[in-house]
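The values are calculated or read from the model by the stated rules, or taken from the named source; none is laboratory data. Just so it is clear, the structure is predicted and the values come from calculations on it, not from any experiment. Note that we place each Cβ from the backbone using ideal geometry, even for glycine, and neighbour counts take in every protein chain shown.
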Amino acid sequence: MRKKLATTTAAVGGMLVAMISAAAPAVAGVSGPAFYVDGALYRTVATPTDLSGTKAPAGSWDLIYDFGGVQPAVATAAPGDPDYNGGRWQVHALAFPTGYPAAVASGDADQDGVLDSDAEIAAAIAAGTAVDVGVVKQFVCPVIPQPRNS
């Protein structure tokens, strides 16, 4: 009985190690273009953090607006900005009651086909073509400028 239990435990342990090892490369490392800040693309390193429920003051977060996959997200600050909070993020989901193209048409000040700054998002929200539906996640991750040649 002990031998069978030890064999089963070893097999399950081996499967868990294999699953964790297989999953690690998918979440480790530097991402490709992940979000815009003032029109520039940035990348990041995913971290397994969840800061929800910490009751940290509003000023301790930078915002990232999530577009639900229709374009890269937009963050409100990056390293070097005086108000950057060191990679502590509060993700706000956006909705587009008249469609994403209408939001771009009403907010895309630089006419590059995307909303790529918090000012452009504010313009779309003011026009009613984008709606901030609130906080969906809070976490920490670093911000890395996207190389210009990629």
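Looking only at residues in the range 109-150 that are part of a loop (DSSP other than H, G, I, E, B) and among the small types (G, A, S), the one that is nearest to the chain's Cα centre (by Cα) is S117.
Residues in the range 76-87: is at least one buried (at least 19 other Cβ atoms within 10 Å of the Cβ), aromatic (F, W, Y) and either in contact (Cβ under 8 Å) with a residue 40 or more places away in the chain or under 23 Å from G32 (Cα atoms) (or both)? First the steps, then the outcome.
From the range 76-87, those buried (at least 19 other Cβ atoms within 10 Å of the Cβ) are 76-77, 87; that's our starting set.
Remaining after also requiring aromatic (F, W, Y): none.
No, there is no match, as no residue in the range 76-87 is buried (at least 19 other Cβ atoms within 10 Å of the Cβ), aromatic (F, W, Y) and either in contact (Cβ under 8 Å) with a residue 40 or more places away in the chain or under 23 Å from G32 (Cα atoms) (or both).
Taken over the range 119-138, the residue count meeting the criterion of being at pLDDT 95 or above and crowded, with 17+ Cβ neighbours inside 10 Å is 7.
Scanning the range 79-97 for residues that are modelled with pLDDT of 95 or more and more than 11 Å from the chain's Cα centre (by Cα) yields a count of 4. From the list P72, P57, P48, P82, the one residue that fits, being closer than 22 Å to V114 by Cβ, out of contact with any Asp or Glu (no Cβ under 7 Å at 6 or more places or on another chain) and of a type outside the set (S, T, N, Q), is P72. The set of residues from the range 121-150 being under 20 Å from L41 (Cα atoms), touching a residue at least 60 places away in the same chain (Cβ under 8 Å) and of a type in the set (V, I, T) comprises V140, V143, I144. Checked against the criterion of being in contact with a strand residue (DSSP E or B) (Cβ under 7 Å, 6 or more places away or on another chain), among the polar types (S, T, N, Q) and farther than 18 Å from G134 by Cβ, the range 51-58 contains not a single residue that satisfies it. Taking the range 40-78 as the range and being assigned to a loop (DSSP other than H, G, I, E, B) and at pLDDT 90 or above as the test, the residues that pass are F67, G68, G69, V70, Q71, P72, T76, A77.
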